[in-house]
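Below is one structure, written out as C-alpha cells, with a few remarks after it.
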Amino acid sequence: SWANKRKLAAEGKGQFTKKCPLWLRPKASGEGFEVIPERGRIVKRIFKLSKEGKGKREIMRTLNLEKVPVWGRARWWHENYIFLMLRSRTVLGEMQPTHKRKPIGQPIKNYYPALIDEAAWLAIQQKRGKHKAGPATGVNNLFSGLLFDGYQPEHPMLFINTNCKKGY
C-alpha cells in the first residue's frame, strides 16, 4: 500500500516511486536515484547564477543564448521552470509525498541525492523573496504580438499592468 511505501521511504528502506526530478534517474539496481551528471551541473549553475544576483529571466536568457540543452518536452528554457527549480526543496534531497497535488505528511529528507546544501538554498530563498513580480492581468495591450525580446527574437514581449488602481 502507499502508506507502507511512504513509511519505508521515510525510514530510508525503500523507494516510494520511480518518479523523480528531471536531473535525476532511478539507479539500475532499483534502489534510490542518481544524478545525471550534465543535468546536475546545469542545476548547480542555475543556483550559482541566482546566488550572483541574476533573476530567473536573465538565467533563462543565458541558458538559451548558450544553447544549453533542455530536458523534457520543452524546446528552450522557460523562466517559470527556473523559478520552480530555485524554489524546490528536491535539490536538497527532499521528497514531499502528495495525493492529488496536496502534501501528505512530512517531507522525506535524503530521499534524493542533494545537489545544493541547505545554507546556500536558504540564502537564495531569502534573496529571492525580496523581488516579486506583479501579477499578470488579462488586459489587452496595443503592442501585444508586435514587439519581441531583443535577446531572443523568437519570444514575444509580455506586458504587465503594474498599476491596477490607475488602470495603466
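Coordinate-derived values only; no laboratory data. Just so you know, these numbers come straight off a predicted model, no measurement behind them. Cβ: placed from backbone, ideal geometry, glycine included. Neighbour counts: every protein chain shown.
What to note about this one:
- A viscosity of 0.692 mPa s and a temperature of 37 °C, combined with the Kirkwood radius over Cα pairs in Stokes-Einstein, give a translational diffusion coefficient for the stretch 54-118 of 243 µm²/s.
- Packing-based ranking of 89-96, 74-81 yields 89-96, 74-81, ordered from highest to lowest mean Cβ neighbour count within 10 Å.
- Over 18 Å apart at the Cα level, from the set LYS19/LYS100; LYS19/LYS51; LYS19/LYS54; LYS18/LYS67, are LYS19/LYS51; LYS19/LYS54; LYS18/LYS67.
- Length released on extending from ALA28 to ALA74, taking residue separation times 0.36 nm less the Cα-Cα span: 13.9 nm
- Ranked by the mean number of other Cβ atoms within 10 Å of their residues, highest first, the peptides 29-41, 104-116 fall in the order 104-116, 29-41.
- LYS19-LEU122 FRET efficiency (beta carbon distance; Förster radius 25 Å; 0.05 resolution): 0.45
- Estimated distance in nm for a label pair at LYS48 and GLU66, the labels positioned 7 Å out from Cα along Cα-to-Cβ: 0.7 nm
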